[in-house]
Amino acid sequence: MRNALWAAAIWALVGCGSRRDLADLPPYPEEFQRAWFEALNHLVKGDAQLAYAKFLECEALEPEEASLQYELGRLDVRLGRPGDAVVRFTRAVAGDPDNRWYREARASAWLDIGEAGEAFEDVEAILKARPGDVEVVYVWAEAFAEAGAPLLAIAVCDAYERAVAPDPEVSFQRLYYLEQAGAYEELAEALEHGAAQFPDVVEFQLEWARMLLNMSDIPRAVAVIVPLFAAEPNDGAVALLYAHVMTAAGRTREAEAALETAFRSSEVTVEEKLEILTRYVEISTFDAQLTARTAALLGWALELHADSAPLQILAADLDRRAGRLVEARVRLERVVEAYPGLSDTWMNLLALDEELDDFEAWVRHARAASEVFPAMLQFAGYEALGLSRLGRHAEAAEAVRRVLPRTRAFPENEAELQAILGDALHALGDHAGCAAALERSLALQPDNPTVLNNHAWYLALQGEQLERAEACSRRALELAPGDANLLDTRAWVLHRMGRNEEARATMEEAVRRSARPDAVFLEHLGEIRWALGDADGAREAWRAALEAGSTSPDLPAKLNQLP
């Protein structure tokens with residue numbers, strides 16, 4: 001069955017029409033013949049303007065010649081003057097009313113100037129003259145549909161069937177135009193009528209069952225689709241609709257059996273398969289029994305659509321959920337190699353690198369993504385983060401500095417990159433550079449609790465700008481109250497400022513709020529208690545730190561110094 005028509009064929013039909021040689025014309029004067037010959041030569045050379053001028057010379061000599069008016073009209077169309085072309089073609093039709101090419105050309109020109117009704121009169125005349133030419137029906141029905149006149153497209157189909165006989169392909173094509181016209185009641189009636197009139201045409205039965213399903217008339221949909229599936233068990237489109245109808249009827253076992261046929265069929269689009277798979281994935285989140293079924297459906301789909309990026313991404317997600325992280329990453333690497341413009345896939349690839357604790361791959365992927373998306377500055381930041389995780393802090397700083405000049409128009413991106421730069425410079429021992437980068441980040445995003453906390457912590461470690469450190473740690477906790485890590489930082493800032501009573505209370509709260517004993521927190525608590533002269537409290541905290549797995553080389557010596 002035809003699923004689409006081709007309006008481009010109009011001019012293929014019109015264009016092959018009756019350009020006449022001199023031998024076909026009456027014995028016109030030599031002057032006319034010379035001008036005609038020169039016009040045709042100009043056309044061969046592609047000079048429409050000169051050809052038009054020569055044809056006008058012919059017109060001055062023989063204004064009633066129909067073929068001359070036709071040639072002038074064709075050139076008007078070519079030169080972007082469809083209104084003038086209508087006038088020329090009308091003169092040609094007047095001279096030869098039965099000439100199909102003249103009428104086809106005029107109908108096309110009418111459509112070009114938005115006069116579909118006028119065009120239909122010419123098409124109707126052509127259909128009457130050529131009642132069995134179904135190709136004319138297809139071409140002109142689609143032309144009217146594309147011109148925004150679906151009712152006239154329907155009229156073309158009706159005229160053909162009245163003159164010839166009901167035709168399943170023409171009747172089926174008519175359905176598309178009814179849908180385009182928004183005539184849904186008529187569409188339903190026509191579909192039901194077509195299904196009854198053409199019981200052996202699969203497309204009619206299939207679409208009638210689909211409409212019944214969409215109308216929630218499940219019993220009638222079942223009555224149509226069951227015999228159709230029995231007759232066409234290997235038709236993927238039939239199997240897919242059968243599965244949908246059986247699911248709606250609560251007959252899921254039968255639906256699942258049909259899905260294998262549908263998923264193994266090239267007749268079912270990858271988009272249709274993906275839609276079903278997405279539902280299965282969603283449901284399998286709550287029903288583990290569907291996991292194997294989902295994997296089977298996906299496997300069948302991939303047999304036919306291995307190059308489908310959405311399917312491979314879905315397969316990678318299933319691999320990740322099943323703990324097959326390496327397999328998931330291999331899939332996504334293939335996807336970005338074939339379709340590098342999928343930024344979300346690059347992000348998911350980085351997430352898998354992190355889960356695999358593979359920061360060499362992280363850096364490689366972030367750098368590749370940055371090359372594909374130079375305007376997405378966050379990928380440069382991810383590269384720098386990966387380099388820092390690998391201890392390559394100088395390279396991390398360089399990666400950030402390389403893109404910073406491009407961030408001035410993007411304050412959020414610059415703020416994030418300056419924060420990453422600050423961390424790298426701290427690791428390199430460039431404390432002044434670190435402080436400057438973090439201050440720049442906070443100038444752009446003053447309420448980022450992570451940056452506030454890191455700035456406070458680094459300043460406290462150096463014992464510098466402690467008032468600024470205190471302000472940053474206070475603001476961080478205002479933004480994220482109760483966060484154990486922020487409480488630890490604030491306690492250490494207060495300790496460095498000599499405010500040890502406040503520091504102890506804050507540090508004890510950090511220990512309480514920690515999800516499990518934290519060796520670093522406990523060691524800090526011991527330091528603060530020791531500063532307050534509480535040797536027993538310090539011993540208790542430091543021993544707890546050892547039990548929590550502390551790797552601090554100084555902790556045993558601290559315990560040994562206690563009385």
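Every number here is computed from the coordinates shown, using simple stated rules; none is lab data. These numbers were taken from a predicted model, which means no experiment stands behind them. Note: ideal-geometry Cβ built from the backbone for every residue, glycine included; neighbour counts use all protein chains shown.
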Return the sequence-ordered ³J(HN,Hα) values of region 226-243 in whole Hz as given by the Karplus equation 6.51 cos²θ - 1.76 cosθ + 1.60 applied to θ = phi - 60°, using x for Gly and Pro.
4, x, 5, 5, 5, 7, 10, x, 9, 7, x, 5, 5, 4, 5, 5, 4, 4
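Please work out the ratio of the alpha-carbon Rg of region 172-315 to 2.2 N^0.38 Å and round it to two decimals.
Values: Rg = 16.3 Å, N = 144, 2.2 N^0.38 = 14.5 Å.
After normalising by residue count via 2.2 N^0.38 Å, the value is 1.12.
Is there a quick way to get the dipole size of the chain? I mean about its Cα centre, with the Cβ of Lys and Arg at +1 and of Asp and Glu at -1; what is the value in debye to the nearest 20?
Charge dipole, the chain, about its Cα centre: 1920 debye, nearest 20.
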Against the longest alpha carbon principal axis of the chain, how many degrees, from 0 to 90 and to the nearest 10, is the axis of helix 290-304 turned?
50 degrees
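If you put +1 on each Lys and Arg Cβ and -1 on each Asp and Glu Cβ, how big is the dipole of region 405-454 around its Cα centre, in Debye rounded to 20? Can you show the working numbers first?
Working: 3 positive and 7 negative charges, 32 e Å.
My answer is approximately 160 debye.
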Of the candidates PRO166, ALA248, LEU559, the farthest towards the positive dipole end of the chain (Lys/Arg Cβ +1, Asp/Glu Cβ -1, centred on the Cα centre) is LEU559
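Rounded to the nearest 500 deg cm²/dmol, what is the calculated helix-only ellipticity per residue at 222 nm for the chain, with -39500 (n - 2.57) per DSSP H run of length n ≥ 4?
Values: 32 runs with 422 residues, N = 563.
Value at 222 nm, helices only, nearest 500: -24000 deg cm²/dmol.
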If you take the charge dipole of the chain about its Cα centre, with +1 on Lys and Arg Cβ and -1 on Asp and Glu Cβ, which of TRP530, ALA231, PRO131 is farthest toward its positive end?
TRP530
Where only C-alpha atoms are counted, convex hull volume of region 115-208 per residue in Å³
83 Å³
Pairs of Cα atoms farther than 13 Å apart, region 193-248, %:
50 percent
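Mind sorting VAL202, VAL403, VAL123 by how few other Cβ atoms lie within 10 Å of their own Cβ, fewest first? Walk me through the numbers before you get to the answer.
Working: VAL202 15, VAL403 20, VAL123 28.
By the 10 Å Cβ count, ascending, the order reads VAL202, VAL403, VAL123.
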What is the sum of charges, Lys and Arg at +1 and Asp and Glu at -1, for the other residues whose Cβ falls under 11 Å from the Cβ of ALA544?
-2
Nearest 10, in degrees from 0 to 90: the angle of helix 343-355 to the longest Cα principal axis of the chain is 30 degrees
When we measure straight from the Cα of LYS45, which lysines land under 23 angstrom away, once same-chain ones fewer than 8 places off are left out?
LYS54
Note to self: Kirkwood Rh of region 337-427, Cα pairs, one decimal, Å, is 13.0 Å
Taking the simple approach of a point 7 Å from Cα along Cα-to-Cβ for both ARG321 and GLU540, what is their distance in nm?
4.9 nm
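Over the chain, calculate the relative contact order: mean separation of alpha carbon pairs under 8 Å at least 6 apart, over the residue count, as a percent. Intermediate values should be presented prior to the final figure.
On the way: 702 pairs, mean separation 24.6, N = 563.
Worked out over the chain, it gives 4 percent.
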Quick check: net charge around ALA338, other residues with Cβ under 14 Å of its Cβ, Lys/Arg +1 and Asp/Glu -1?
-1
Which of the lysines could a cross-linker span from LYS558 if the Cα-Cα distance has to be under 27 Å and same-chain partners fewer than 8 positions apart are dropped?
none
Using 10 Å bins from zero, what percent of all Cα-Cα pairs in the chain falls into each bin?
3, 12, 13, 13, 12, 13, 12, 9, 6, 4, 2, 1, 0, 0
Give the angle, between 0 and 90 degrees and rounded to the nearest 10, that separates the Cα long axis of helix 202-214 from the longest principal axis of the Cα atoms of the chain.
50 degrees
So for the chain, taking the charge dipole from beta-carbon charges (+1 Lys/Arg, -1 Asp/Glu), which of ALA409, ALA119, ALA48 sits furthest toward the positive end?
ALA409
Could you tally the net charge around ALA231, taking each other residue with its Cβ under 15 Å from the Cβ of ALA231, Lys/Arg +1 and Asp/Glu -1?
-4
Taking the Cα centre of region 26-154 as origin, work out the dipole magnitude from +1 charges on Lys and Arg Cβ and -1 charges on Asp and Glu Cβ, in debye rounded to 20.
180 debye
